[in-house]
Amino acid sequence: MFKKIELVKTVYTKGEYPPPFDNEIAFAGRSNVGKSSLLNKLFGIKIAKISSNPGKTRSINFYNVDNKGYLVDLPGYGFANVSKEEKKKWAQLLEDYFVNRYSLQMVFLLIDHRHEPQKKDLEMIQWLKELGIPFMIVLTKVDKVKKSERIKKLNIIKSTLSKYGDYIYFPVSSNTGEGIGDLKNEIIRLFR
Ligand SMILES: Nc1nc2c(ncn2[C@@H]2O[C@H](COP(=O)(O)OP(=O)(O)O)[C@@H](O)[C@H]2O)c(=O)[nH]1
Ligand SMILES: [Mg+2]
């Protein structure tokens, strides 16, 4: 189990990443998908700010976990009130990180369980595929989906993504804690 998690670097400029460890996992997704809540829930402490002002985080945040590796909080995408200039900056920073960060092992891509994957999510999947970065899908806010509808929703999402590949899905809720244990175990497995 993890003991200590600590924000060690907030990066706004390409290349200014902390020296790598053997392990590195990044979290990506639309702004408001529940990324900060998930990070907080995974570690049982408030490490990430839950924003009432979505789209504000434009940085890549590196969290040191027990001096074994990093969990990386990537800036959210798909926020409407963002200038072209800022979107370009976001894309350049992220591309640099994806292309040059050799220690990156896995991306957890967060998608809202309630909705079909959006255009921006599909673009992100396409991007990760092209760059050859392995990723798994985390379906957030599962507490908002009626139990009777979950399989149906999951199958719709799976079928939409099946044209890109077969992926592993983790339905989770940061509110109820559902699925958090499974996701944690996967992180522990990856942090070898
Ligand atoms: N019902 C429910 N709401 C959630 C869950 N996770 C996050 N939220 C809410 O979704 C909003 C965005 O969450 P946040 O973690 O800041 O998203 P981020 O922008 O992806 O970091 C907040 O109002 C959260 O309280 C969840 O598992 N269930
Ligand atoms: Mg956030």
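The values are calculated or read from the model by the stated rules, or taken from the named source; none is laboratory data. Just so it is clear, the structure is predicted and the values come from calculations on it, not from any experiment. Ideal geometry is used to build each Cβ from the backbone, glycine not excepted, and the neighbour counts take in all protein chains shown.
For the reader, a short list of remarks on this structure follows.
- Some residue of region 160-177 being touching an Asp or Glu at 6+ places or on another chain (Cβ under 7 Å), farther than 23 Å from Pro18 by Cβ and away from ligand 1 (no atom under 14 Å from the Cβ): yes
- Any hit, region 14-28, residues being within 13 Å of ligand 2 (Cβ to nearest atom), at pLDDT 95 or above, not acidic (Asp, Glu) and not in a loop (DSSP other than H, G, I, E, B): yes
- Flag if Leu110 is touching a Lys or Arg at 6+ places or on another chain (Cβ under 7 Å), within 23 Å of Leu154 (Cα to Cα) and among the aliphatic types (A, V, I, L, M): yes
- Taking every residue in region 153-164 that is outside any helix (DSSP H, G or I) and pairing it with any residue that is of a type in the set (Val, Ile, Thr), at least 6 positions away or on another chain, the pairs with Cβ-Cβ distances below 6 Å are Tyr164/Ile125.
- Across region 105-127, the number of residues qualifying as crowded, with 19+ Cβ neighbours inside 10 Å and closer than 26 Å to Asn23 by Cα comes to 8.
- Ile60 vs. criteria within 18 Å of Met136 (Cα to Cα) and either at pLDDT 90 or above or surrounded by 14 or more Cβ atoms within 10 Å (Cβ to Cβ) (or both): no
- Residue in region 136-147 that is modelled with pLDDT under 95 and either part of a loop (DSSP other than H, G, I, E, B) or over 15 Å from the mean Cα position of the chain (by Cα) (or both) present: yes
- Candidates Phe62, Phe108 - the one that is in contact with a Pro (Cβ under 9 Å, 6 or more places away or on another chain) and hydrophobic (A, V, I, L, M, F, W, C): Phe62
- Meets criteria (within 16 Å of ligand 2 (Cβ to nearest atom), closer than 21 Å to Leu39 by Cα and assigned to a strand (DSSP E or B)) for Ile111: yes
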